[in-house]
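What follows draws every value from the coordinates through simple rules; no lab data is involved. Just so you know, these numbers come straight off a predicted model, no measurement behind them. Cβ: placed from backbone, ideal geometry, glycine included. Neighbour counts: every protein chain shown.
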Amino acid sequence: MLDGKIVLITAAAGTGIGFAAALRCAQEGARVALSDIHERRLHEARARLGEQTGQEPLSVICDVTDESQVAHMIDAVLDEYGRLDVLVNNAGLGGEASILEMTDEQWMRVLDVTLNGTFRCTRAALRHMAQRRSGVIVNNASVVGWRAQAGQCHYAAAKAGVMALTRCAALDVADRGVRVNAVAPSIAIHEHLSRVASPDLLEELSAREAFGRAADPWEVATVIAFLASDYSTYMTGEIVSVSSQHP
């Protein structure tokens, strides 16, 4: 689906949706660039992707809350590959806190990584893509942007913002031949998720799903690859739910 495409994925280290998307895109023929704030995990992800695909990807350290680092990340991809065809905005930060106890710092940190970070990366990539009159952005939103969930005011607000950003950005660049869409997973289990959510909450959310289980990150990555590909050329401004709502 992605033969010859240059794909950049943020927050691609670890075992979550980001690395799964990188692997899926590479399997579909893309040349992949990885970015993450965690240097050690990023190098491990680069080595693991190389072992599994035979492709040694570019890796770039980037804190998406820092505009200069975001600019450097995009420049590094352009220097290495000459262009950027697809950006997957996967960087995000969650947490669990009642609004009664939530601090300004907790609120602002989640919004700065999850919403503002997506904005910064999208803006930087679109300036290149709009000039080329070609490109695709795929944002990682969440069904929590639609559904109410206790303890998730900051995360839900950020993900709802990502959805709105996706729709509006899509209209801004539609006449430039660039598409902007998003996936909205319900819950995809990986080892790092337990750092920001309690085991009881993860078990409860998984049990609510129609299949009685959480998604595997690979199942979300497959939809990301579809939205990044030419199989979805008439889709823009769309939020695709990747979930199995309980009937």
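The angle between the Cα long axis of helix 117-132 and the main principal axis of the chain comes to about 20°, on a 0 to 90 degree scale.
Taking the chain as the reference, fit the longest principal axis to its C-alpha atoms, fit the long axis of helix 153-173 to the helix C-alpha atoms, and give the angle between the two in degrees, 0 to 90, nearest 10. Tilt relative to the chain: about 30 degrees. Can you bin region 89-160 into rounded, prolate or oblate? Criterion: square roots of the alpha carbon gyration tensor eigenvalues sorted a ≥ b ≥ c, rounded for a/c under 1.5, prolate for a/b above b/c, oblate for the rest. Prolate, because a/c is 1.5 or more and a/b exceeds b/c. Measuring r between the beta carbons of Thr103 and Trp146 and using R0 = 25 Å, the FRET efficiency lands at 0.45. When you restrict to C-alpha pairs under 8 Å that are six or more residues apart and normalise by the size of the chain, the relative contact order lands at 21 percent. The calculated 222 nm mean residue ellipticity attributable to helices in the chain amounts to -14000 deg cm²/dmol, summing -39500 (n - 2.57) over DSSP H runs of n ≥ 4 and dividing by all residues. Remark: the Ile61-Glu44 segment gains 4.9 nm on full extension, using 0.36 nm per residue and subtracting the alpha carbon distance. In loop segments of region 10-55 as defined by DSSP, there are no GluC sites (Glu not before Pro) with at most 15 further C-beta atoms inside 10 Å of their C-beta.
Label region 106-247 by shape, choosing from rounded, prolate and oblate, from the square roots a ≥ b ≥ c of the eigenvalues of the Cα gyration tensor; if a/c is under 1.5 it is rounded, and otherwise prolate applies when a/b is larger than b/c, oblate when it is not. In terms of gyration-tensor shape, prolate. Taken about its Cα centre, the chain carries a charge dipole of about 660 debye when Lys and Arg each add +1 at the Cβ and Asp and Glu each add -1 at the Cβ.
Using the Cα gyration tensor of the chain, with a ≥ b ≥ c the square roots of its eigenvalues, what is the shape: rounded (a/c below 1.5), prolate (a/b larger than b/c) or oblate (neither)? The shape class here is rounded. The chymotrypsin sites (Phe, Trp or Tyr not before Pro) of region 102-179 include none that meets both criteria, a DSSP state outside H, G, I, E and B (loop) and at most 10 other C-beta atoms within 10 angstrom of the site's C-beta. Axis angle, to the nearest 10 degrees, between helix 67-81 and the longest C-alpha principal axis of the chain: 40 degrees. Taking a point 7 Å from the Cα of Gln52 along the Cα-to-Cβ direction, the residues of region 7-45 with backbone N closer than 13 Å to it are 12-28, 44-45. Near Val136, once Lys and Arg are set to +1 and Asp and Glu to -1 for all other residues with Cβ below 10 Å from its Cβ, the sum equals 0.
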